[in-house]
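These notes are about the structure you will find just below.
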Amino acid sequence: MKPQRSLKLRALLFLYGNGNILGCALALLGPALLFADVIDRGWLLITAGLYVAGWLMGRKAPELERRIEDSLSVEQTLERLDRVVAQAQPHLSDDMRKSLDNVRGSVGEVLPRLVGAGSNGDDLFTVRETVLRYLPETLANYVALPPAFRITHAVKDGKTARQLLGEQLGLLDAKLREIVANVASSDAAALVANGQFLEKKFRQPDFLAG
């Protein structure tokens, strides 16, 4: 069950939202037109109408696929992952994009080998859960936040959502590199440890959850 967000948090998300920002920007045209003697009576209604128009134009947040079906083939899974990555990249910093590209490369290298070998252990589970659930949900939750909110408002341990995502992608990159190496060396114990770490780290993909 998704945790309830506080009234204060919901108010902040509204204030930082594209709809409110664009609405306020357009609403400024009302007083400007009044002072320029373009309009007179009804300027308050015109200003309110401009705000509503801006809010309607800007309120829709970009949406990313939150989960990839586990019934897909390896090729189809990677294609869907590529789509999620491509949709998320415009909202990420250069460092985040680099980490995400590395994650995609590691997944593309190791997933076919695990499936082809008929593996059903923690190694395959870890990689598949990363591809199917952890990564898509984490990226979707980040992109759904208002852009200004992501970079200015501390949400956990004094860190912004942007900082948290950067750390998570960096950790995921490092751990998947380890998994690639451990699969190559058939280090089962290390793979179990990797799986436990990622499951714990990415159990809650919502940046605003307590």
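Odds and ends about this structure:
- Near Val155, the amide H atoms lying under 5 Å from its own belong to Thr160, Ala161; only residues 5 or more places off or on other chains count, and H is placed 1.01 Å from N.
- Put a plus charge on the Cβ of each Lys and Arg, a minus charge on the Cβ of each Asp and Glu, and nothing anywhere else: the dipole of segment 12-118 about its Cα centre is then about 200 debye.
- Rounded FRET efficiency, nearest 0.05, which uses the C-beta distance separating Glu79 from Ala53 and R0 of 35 Å: 0.35
- Note on Ala36 and Arg113: the extension gain reaches 20.8 nm, defined as 0.36 nm multiplied by sequence separation minus the Cα-Cα distance.
- Gain upon complete extension [Leu15, Ala148; 0.36 nm per residue less C-alpha separation]: 46.9 nm
- Residues in segment 91-101 carry Karplus couplings, in order, of 9, 10, 7, 4, 5, 5, 4, 5, 4, 5, 4 Hz; the curve used is 6.51 cos²θ - 1.76 cosθ + 1.60 with θ = phi - 60°, and Gly or Pro positions show x.
- Taking θ as phi - 60° and the Karplus parameters 6.51, -1.76 and 1.60, the scalar couplings of segment 156-167 work out to 7, 6, x, 10, 7, 4, 5, 5, 5, 5, x, 5 Hz in sequence order, x denoting glycine and proline.
- Length released on extending from Glu69 to Lys98, taking residue separation times 0.36 nm less the Cα-Cα span: 7.9 nm
- Leu169, Leu44, Leu22, Leu12, ranked by accessible area, largest first (probe 1.4 Å): Leu44, Leu22, Leu12, Leu169
- Under 15 Å, Cβ to Cβ, from Glu75 - net charge with Lys/Arg +1 and Asp/Glu -1: 0
The values are calculated or read from the model by the stated rules, or taken from the named source; none is laboratory data. None of the values given here were measured: they were computed from a predicted structure. Glycine also receives a Cβ, built like all others from the backbone with ideal geometry; neighbour counts cover every protein chain displayed. Heads up: the accessible areas ignore ligands, DNA and RNA and are worked out on the full protein's heavy atoms, side chains in. Shrake-Rupley method; radii C 1.70, N 1.55, O 1.52, S 1.80 Å.
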